[in-house]
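Encoded as structure tokens, the structure appears first; notes follow it.
Quick note: the coordinates plus some simple rules give every number you see, no bench work behind them. Source: prediction; values computed, not measured. Every residue, glycine as well, gets a Cβ built from its backbone with ideal geometry; the counts of neighbours run over all protein chains shown.
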Amino acid sequence: MDRALIFVTLGFALVFFIAREGTRLSRERLYEIIIAIYTFSCCFARLFLPVLKGDADSTGSFGNSLSIWPFYALALLLVWIVAREKQWRIRRPNIWLFFLFSAYACYALLNPYNLSRRGTLIEVFYFLSFAVFIYLFTNSFSVKTAVRGIYMGLAATVILHFILSICYPVLGMEGVIKIFDKDAATRSDDRIGAVATMSHPNVLGTYASYYFVFFAGAFLTAYKRHESAILTGMSFVIIILSASRSALLAAVLAVLGIIVFYVYRRYKLLSFQSILKGIIPLGLLIALLLTGPLSFLFSDVDNLDEMTTSRLMHYYCGYEIFQDHPLVGVGLNAHLVYLVENSSAVIFEQVFDMTDLYQPEEFMFTNPIHNIWIILIAELGLIGFLPILAFIIWYIATFKRRTRLSQNRYYNILNIAGLGVVFCWLVQGNSDWAPLTPQVLNLSLMFVALSLSTHYAAEEHPEFESVEAGKRRLMNEAEQNEENQPE
């Protein structure tokens, strides 16, 4: 029933988007609607089809089944667009990225300590297919079409999530929890969180933090500013109603990073203007929010203590795995299988005297480690983890340069969204594994990948040219007019 309702909802959205255009439906607008429907489909946690089960009952962050995700269907359509509309005139793929991905795949699959190669293959196939999808996507659509379509799809997502979050927990209508996911689980009565179309409040909070930074970027670039302001506010309310503390902290700190790196991009990061006008006021505002209206999320000391204890136990598990294989790790999507197979080496009682709270093994061996960075270093080792860390640092360090070189506000929206996603990874990734779930990666990786497209960065639209570019254009036109005047 849940998957059937998902398709009905997507069909209704498709009819609504087409009907809204009426006779104005051009090819570009049809492409925007296609992108919108795909983006909208990403918010449904149950919209995937398992086709091949892994070789272990324990699942990592990617699960233990090779699955078909919504972008597979769109990729087939993109192949048709590239063949029919572009006549196969596409840009040459980056050969260095191909070799880098191949090296990572071989490195993970041939790891002698990998106890779940089929689980690793599941994750490798996901990233490979997603990379092909992004390549086809950027060859099929302009950055303007992409952003307008994503905006439409995420606007529909926010409206649906907002309505469902108001129904539960605000109105107490528990029946909406399992409408779109029959296996959805919420928290205990002491901390109720919204689930909406996702499987867990933390997953909803994580996903909402990503479209929150997207609409914040649209607002800052003056794209549909009034509508973007409303959608940004609704997104923030959804994060609060999810009761995900890590997502809330990630969202507010991501906005702080966006303000410092984009709004005050003409200043140095540690300049007097940046600190006095940006960091200090925003830091005080965040502190007031977290200690005032939002303090109820952090007032349950017993719950915080229990969550902290369970996470510390999990981090200890990751430390044990890293200590066993610090250089090469135990293979992608395989840390939980390794932990179960070597459970006798992890004696929780000798490290934490907290077994009166619950049986730790029941939690430790059925959930991935609640820290994406510990997961990555445990599964990839230092050899695989350090290049990822270097990429994160490089991405943040080159943000201002990418923004400065581009005169396209559509691209800048993607660039801001990508930066916000990276900041969310850095903050929320330290206390949750939701950012590594495919349902969430479908959106976050799209923002980061599209923001790195040099083709998108080079596109220009006169109606969205920067002030400096407009001044240069007017000066050049004035000079040309003077030269053309008769003497």
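Values for this structure:
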item	result
Cα-projected label distance for Leu327 with Ser65, points at 7 Å along beta-carbon direction, nm	3.9 nm
Gyration tensor (alpha-carbon) shape descriptor, region 71-160, a/c threshold 1.5	oblate
Charged-residue dipole, Cβ positions (Lys, Arg, Asp, Glu), region 73-215 about Cα centre, Debye nearest 20	740 debye
Theoretical FRET efficiency, 1/(1+(r/R0)^6), r = Cβ-Cβ of Lys53 and Arg266, R0 41 Å, to 0.05	0.15
Per-pair calculated FRET efficiency, R0 = 25 Å: Ala73 and Ile95 via Cβ, rounded to 0.05	0.35
Which of Ala155, Phe130, Gly119, positive extreme of dipole for region 75-203 (C-beta unit charges)	Phe130
Backbone HN-Hα couplings from phi across region 84-100 [Karplus 6.51/-1.76/1.60, Hz, Gly and Pro as x]	8, 7, 9, 6, 6, 8, 10, 6, 5, x, 6, 5, 5, 5, 5, 5, 5
Sparse-neighbour loop sites [trypsin sites (Lys or Arg not before Pro); region 19-119; at most 16 other C-beta within 10 Å; DSSP]	Lys86, Arg89, Arg91
Cα lying deepest toward the dipole's positive end in region 45-119, options Ser67, Leu77, Ala105, charges on Cβ	Leu77
Using θ = phi - 60° and Karplus 6.51 cos²θ - 1.76 cosθ + 1.60, couplings along region 143-151 (whole Hz; Gly, Pro as x)	5, 5, 4, 4, 5, 5, x, 4, 4
Förster radius 22 Å - calculated FRET efficiency between Glu341 and Leu389, Cβ distance, rounded to 0.05	0.20
Simple label model, 7 Å out from Cα along Cβ direction - Thr23 to Trp88, nm	4.0 nm
Amide proton proximity set for Leu66, modelled H, under 5 Å, gap of 5+	Val51, Leu52, Lys53, Gly54
Two-site label geometry, Ile159 and Phe125: point separation in nm, points 7 Å out along Cα→Cβ	3.7 nm
Stretch gain in nm, segment Arg3-Glu174, where the contour uses 0.36 nm per residue and the Cα spacing is subtracted	59.7 nm
